[in-house]
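Structure, as structure tokens:
The values are calculated or read from the model by the stated rules, or taken from the named source; none is laboratory data. All figures in this text were calculated on a predicted structure; none of them were measured in a lab. In this analysis, Cβ positions are derived from the backbone assuming ideal geometry, glycine residues included, and neighbour counts consider all displayed protein chains. Heavy atoms of the whole protein, side chains included, go into the accessibility calculation; ligands, DNA and RNA do not. Shrake-Rupley method; radii C 1.70, N 1.55, O 1.52, S 1.80 Å.
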Amino acid sequence: MTSLASKTPSSVRGGLLDLNQLWRSLPQALAKLDPRALWRNPVMFIVEVGSVFTTVLALTDPSVLAWIITVWLWLTVVFANLAEAVAEGRGKAQAAALRAAKQDTMAYLEDGREIAATELKQGDVVVVEAGQVIPGDGDVIEGIASVDESAITGESAPVIRESGGDRSAVTGGTKVLSDRIVVRITQKPGESFVDRMIALVEGANRQKTPNEIALNILLAALTIIFLLSVVTLQPLAIFSKAYQAAAPDTIAINAHGVTGIVLVSLIVCLIPTTIGALLSAIGIAGMDRLVQRNVLAMSGRAVEAAGDVNTLLLDKTGTITLGNRQASEFVPVDGVSASELADAAQLSSLADETPEGRSIVVLAKNEFGLREREPGLMTDATFVPFTAQTRMSGVDIEPSLQSGEGRAVGAVAGGRQIRKGAAGAVIKWVGHSSDEVSEIVDGISASGGTPLVVAEKGRILGVIHLKDVVKSGMRARFDEMRKMGIRTVMITGDNPRTAAAIAAEAGVDDFLAEATPEDKLALIKKEQEGGRLVAMTGDGTNDAPALAQADVGVAMNTGTSAAKEAGNMVDLDSDPTKLIEIVEIGKQLLITRGALTTFSIANDIAKYFAIIPAIFAAVYPGLDALNVMRLHSPGSAILSAVIFNALVIVALIPLALRGVRYRPSSASALLRRNLWIYGLGGVIVPFLGIKLIDLIIQFIPGI
Amino acid sequence: MAGWLFVITLVLAVAAAYRPLGDYLYRVVSGRKSNVVERGIYRLVGVDPNTEQTWGVYARSVLAFSAVSILFLYLFLRVQDKLWLSLGFDGVPTHIAWNTAVSFVTNTNWQAYSGESTMGHLAQMAGLSVQNFVSASVGIAVAVALIRGFAARKSQTLGNFWVDLTRITLRVLLPIAVLATLVFMIGGMVQNLSGGTDVTTLTGATQHITGGPVASQEAIKELGTNGGGFYNTNSAHPFENPTTWTNWIQLFLILCIPFAMPRVFGRMVGQNRQGYAIVAVMSVLALASIALTVGFEVHGGGTVPQAAGAAMEGKDVRFGVPNSATFGAVTTLTSTGAVNSFLDSYTSFGGMMPMVNMMLGEVAPGGVGAGLYGLLILATITVFVAGLMVGRTPEYVGKKIGAREMKLASLYFLVTPAVVLIGTAAAFATGHNSTALNTGPHGLSEVLYAFTSAGNNNGSAFAGITVNTPWWDTALGLAMLLGRFLPIILVLALAGSLARQKPVPESEGTLPTHQPLFVGLVVGVTIVLVALTFLPALALGPIAEGLS
Amino acid sequence: MRLPTWLSQHLAALRALLVMTVLLGLAYPLAFVAVGHLPGLSHKANGSMVSAGSTLIGQSFTDADGNPVPKYFQSRPSAAGDGYDPTSTAASNLGPESVVDTADAKSLLTQVCERSLAIGKLENVDGSRPYCTSDGVGAVLAVFYRDGLTGPVTRAVSVNQTGTPFIATYEGVTVESAKNGEDYVAEGGVITPIRGDAPAKPVVPADAVTASGSGLDPDISVAYANLQAPRIARERNLSPVRVHQLIEEHTEGRALGFMGEPAVNVLELNLALDGK
């Protein structure tokens, strides 16, 4: 389980790409050349149509240039397919592993029948014994068992599943390690969690997300514009060539206007092939990055929505605080030394195995060097456990002088009786109180802590200050969130005073105290009413309505089926802090698309400076002034542009899969940074790239 | 130096008018109280000023009004010989009447005819001038409807077209036009119903001095960014632009409303800084363009300007080169299309600039209303790409730019380039480019200019080309019609779609659309998109000519 | 009976248009026609007429044959009709690279050269200009290269001259004179204007050799007026000082010091010379 504390606030990273992967995906890339498949990507479809056209031209009127251009146009399409194939390939491997877990499972129905897992219907009740694989998703209705869920979570430590409560959901394909449980199947045939997971990681029925659709529209519009601007150029070219009778026919232009090969090259170079080629790979890779973090998004839409989130609802316990209160201070009353109090507190807590109790022992050791005594060795001590009635725990020590341990503490004749517990209970036990004690108690409560009063028979020694410990690094994390424009709201069952104190310490923007599931739902609705998108995590059945209402609802895998069904993501690690990472991945996905679109469009400027003079300087020599890169010849200029256009796709595949680097910061800072890199870079890089390619290919004879 | 002062004073004057005029416009379009005259008009027209229209109804009202206007104007021109004050001119031939009717209703004011030898005074006043007013109002009304879309909270309606039309015409255009007419008359512009006077010149020849209600038409011609001249030589004609200072006033009138519209935007969406950002984009583009145009003309490159010693061909002495170039740039940056000097004889690059200005999509600052909605579309496209780059679903002034919004914005952005490029290519493919006066690249420029001007509803011309042939009149008429009403429909649809949305509150994660970075980005996107679309065609026209 | 929506919508549109037409197309302009009758405005509203025309509208000061009348300051060239015709105002619309004469029309360059030569003669000054031949046409060669646009020159033709070419050789090739009706560009010649050695700032100012935009330009530049001053003084037996004084009196400076260019109103100046 990744803890927030261990994760420095830094960029989201994804998997790396190895070259073998490119090679392995090649057959699939070639299969994707099928125009029926390519039709879904209009930009690349046009490149393919152009490639077919130039192939025909190269066959009927062969020349070195024609063939090289044709080859590179085909490569452009292949590279685009390769990007998609590589992205899909990663998911496929994962899916294969999942499928293996699903193979040949048998289901043993309660009534003794034995059927194949695939034939299970909703509502069937099955019995699973130790060593058997759970045949389908469902809820435990009887028994308790430890279950190995590594097949889906990758986590080898077994988890407990039991009937009732929030740990009743089991997943098909996981294995019962011990005991026996009875499970009611909740899935429909073929729609199990694993089935859905396989479909998701494979990207089989990947649907375009809203932003992807919008971007596709923009790309289609740009493609049409460039298509128009090139096609309508032809009559103008014919006119110009005819007017300037002195202009000789070249490989680029003759009496029939711009030659077919060059016209296609110009179109391919201008339409946004870079982003067109990488768009679907970016989407698949974005989902993949989530899967790598053991988060399953039920739709791409949810991933995008994560990037848009305005309000993050975070459960206090486990997300913001370590989950348990810990002793932070011993506050003695007048006349008692702190070490005296610490000693008494320690004694009373020796047998207290609750985290709070352990923390008291630890604090006493750290602050006052009091070594922990083994309760088992203290034969003269009787430990009084905590009960709901007494609301106290403590120790009674027999008045025995033999006990070295006891003496060392400073013996009091007549033995000792020490109690610690809630203020009211302890005061009642002592029989009287003082203003001083109530002052200390109130002070601790006001600061959000929990006071534990320590008393020795007849006398109050002081108060232990227990407090919720906020995970380290949370404040920085929330500051980042704020910079990203995300409001964090802490949800807690604590009273408002305690909640306020912790909220202030953690640095969240707001809190919801004494929260009931209804309060949560109401809060989400209120936020949404104001046009804000809300993300939350949840695991219990009573979280289900809120999870369903939230725009991004992340259900814990340990949670109930109802919760998993209601959310649109499932975190297999059941780590509530994952929400923050999910938001970052959502943003990174959008940023990658935007950055590569900008890069792609900015590229066109250099391509114009390569191709326009290459075509038309032959008619109007003055236009050679536009050949700012001083490219070798018209042929080499056009070819360089085409080659660059193809190579840049391959060069950007890793970026598309990994996603651009994302650092949480304000929108202006992000825009400025990405604009410099991908906007300005997009203008400059192709000038350098085309020139470089030209320097090399000018040596090819016939160019 | 004086030339730059001319520009600087204009900038200062327009800047000074930004807030008061913008605020006034805002009050006019958001006010609800009608005065007696307006109530009378609503009753006559038969509309209830309190009903709100959905985008569909609003669009249909715009189209109905424009369709009726085209038909009415067409018939008017056809039968002008049967009406008063025709000065003995015949009814306008069918293809020219069609072209002219479309031209004035679309706020283009492309003139395939010569004013002084075609149009009687009544046709000029009650036909053409009326459209100068109402076509301008339509542009502003559509822009306001789009702003309402941005400003609305989950609303189905965009206001009432008839109310907008009436209020804008009566409360904004008419009062300013009245004032301007008076100033122009003091400057020496003619305003009579005379059919002209024959005079004997000093050397004994006869000269026919024309008359007409020029000043009143001139005022709205500039204020409404229409540009259709009373005479053939438009604002070069001494009766249409008698002095150097009327020249300045004309430019001010042209610029004041388009530059004040962003203020209306800022006010209505409740963030004045959004208005400042838009006006900054307009200003950067406009100033760069004016500086380049003036620079190219003053430099006077090219064989003939070099031979003459200055690019004075087609320019009048009183305006000189710098002020003429400024006028040429301003009237093409706005969709006015008036000229006080003849662009066809500009230097190659000086003449390219007006073309580029129009190719920008008439957004810097563009025609009244039309410029703002054009720029808001470009800003929307910019927001989309930039918004992705900050990792959120893009939003502009609180409205999400989703698939539907992108579809409409992209289509809008496609229309004009498509009209211009297809039209130009068609002219060459069918040989109709032969009516160009000049040869070679300059002849190509004349054809390209014609369709650029028509498609963008500008109306200026590389006037050497002969365009009063049936093919040209029909083709350019279609270009003007498509270039005006397709975008209007798309804008209103976009407005409707935006209005239905619930606004998203602004946060630190929202792309700030009021900062210099965004302004620079919109400028960049505008220039790059235009350059990428039109560079090939420009390379064979003015660029080839200028680099020879 | 209720009308269909589309029809009632169009009828509303028609009513709106008619209302607007009455208001904006009749009431508004006619009111200002009335205003134009007010004293103080009526002169201007009626065209700023004087005894021999309008001070705003330029006119030709030529005789019936089109030759300049020497006792008058001359206006700029005009493309309006046959010159300064207010019923057909126009500019030349010829482009900056209009340099090749055709059978039906002279190029803009040749027109400039021609005018410069004529004015030079009239005013007794040097009428030479860059890109102009000494006989007043555009100095333009059609150059033929071996490989179309490159390679050695194989042939050169002075396209605007049928007589002796303005230079004998170009790049070692003898320059031919043009034959009527030949299109040398179509034959594969590359149009090459030759600058020649004329001064960069010709004596005859630019406005004197270029047509105005309106075709009715009432003004000339101060430089052009000054160029004509000696002739006027000579023809009218006036002292040059007096002529310059008159020029100055009829020079309209820049409005507010920065608008437009100083301009000399030719009609007013000539009227002043005539003592009217």
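Worth a mention:
- Accessible area of B:R500 (1.4 Å probe, protein heavy atoms only, ligands and nucleic acids ignored): about 90 Å².
- Taking the C-alpha atoms only, the angle from helix A:496-506 to the longest principal axis of chain A is near 50 degrees.
- Lone cysteines, the protein assembly as shown (no partner Cβ under 4.7 Å): A:C269, B:C256
- Straight-distance crosslink candidates among lysines, where the alpha carbon sits under 16 Å from A:K564 and sequence neighbours closer than 8 are dropped: A:K188, A:K578
- Angle of helix A:578-616 to the longest C-alpha principal axis of chain A, folded into 0 to 90 degrees and rounded to 10: 10°.
- Chain A: antiparallel DSSP beta bridges as a percent of all, rounded to 5: 75 percent
- Relative contact order of chain B, pairs being alpha-carbon contacts under 8 Å that are 6 or more residues apart, as %: 20 percent
- Inter-part distance where segment B:198-233 and segment A:321-392 are each reduced to a Cα centre, Å: 104 Å
- When peptides C:75-83, A:354-362 are ranked by their average number of other Cβ atoms within 10 Å per residue, the highest-first order is C:75-83, A:354-362.
- Order of exposure, largest accessible area first, which applies to C:L117, C:L269, A:L22 with probe 1.4 Å: C:L117, A:L22, C:L269
- For the set A:H465, B:H95, B:H299, solvent exposure ranked by accessible area (probe 1.4 Å, protein chains only) runs largest to smallest as B:H299, B:H95, A:H465.
- Computed magnitude of the charge dipole of the protein assembly as shown (debye, nearest 20; Cβ of K, R +1, Cβ of D, E -1): 1480 debye
- Summary value for chain A: 17 percent relative contact order, contacts being C-alpha pairs under 8 angstrom separated by 6+ residues.
- Rounded to the nearest Hz, the phi-derived 3J(HN,Hα) couplings of segment B:120-125 under the Karplus curve 6.51 cos²θ - 1.76 cosθ + 1.60 (θ = phi - 60°) are x, 5, 5, 4, 5, 6, where x marks glycine and proline.
- Estimated at the nearest 10 Å², the accessible area of A:E212 is 0 Å² with a 1.4 Å probe.
- Think of a 1.4 Å ball rolled over the protein heavy atoms: chain B then has 26 Å² of accessible area per residue.
- Highest-first arrangement of A:496-509, C:197-210, A:538-551, where packing means the average Cβ count within 10 Å: A:538-551, C:197-210, A:496-509
- Largest to smallest in accessible area, the residues A:K564, B:K407 fall in the order B:K407, A:K564 (1.4 Å probe, all protein chains included).
- Kirkwood Rh and Cα Rg combined as Rg/Rh, chain C: 1.16
- Charged side chains reduced to their Cβ positions (Lys and Arg at +1, Asp and Glu at -1) give chain A a dipole of some 2360 debye around its Cα centre.
- Taking amide hydrogens as placed 1.01 Å from N in the peptide plane, the amide H of A:F511 sits under 5 Å from those of A:M490, each at least 5 positions away in sequence or on another chain.
- Gap separating the Cα centres of segment A:549-626 and segment B:64-87, nearest whole Å: 55 Å
- Ignoring lysines fewer than eight residues from A:K420 along the same chain, the ones with Cα atoms less than 23 angstrom from its Cα are A:K365, A:K428, A:K457, A:K467.
- For chain C, relative contact order (Cα pairs under 8 Å, six or more residues apart, normalised by length) works out to 19 percent.
- At the residue level, B:R318 shows approximately 10 square angstrom of accessible surface with a 1.4 angstrom probe and all protein chains present.
- Here's how it looks for A:Q326: its modeled amide H is under 5 Å from those of A:K467, A:D468, A:V469, which are all 5 or more places away or on a different chain.
- Cross-link check: pairs C:K71/C:K201; A:K208/B:K154; A:K316/A:K520; A:K525/B:K502 evaluated at a Cα-Cα cut-off of 18 Å; pairs beyond the cut-off: C:K71/C:K201; A:K208/B:K154.
- Helix A:273-292 vs. chain A, principal-axis angle (Cα, 0 to 90°, nearest 10): 20 degrees
- Computed over the alpha carbons of segment A:502-578, Rg followed by Dmax gives 12.4, 35 Å.
- Cross-link partners of A:K121 among aspartates and glutamates (Cα-Cα below 13 Å; sequence separation of 8 or more within a chain): A:D137, A:E191
- Kirkwood analysis of segment A:105-202, using all unique Cα-Cα pairs, places the hydrodynamic radius at 13.1 Å.
- Helix-only arithmetic for chain A: the sum of -39500 (n - 2.57) across DSSP H runs with n ≥ 4, divided by the residue total, places the mean residue ellipticity at 222 nm at -16000 deg cm²/dmol.
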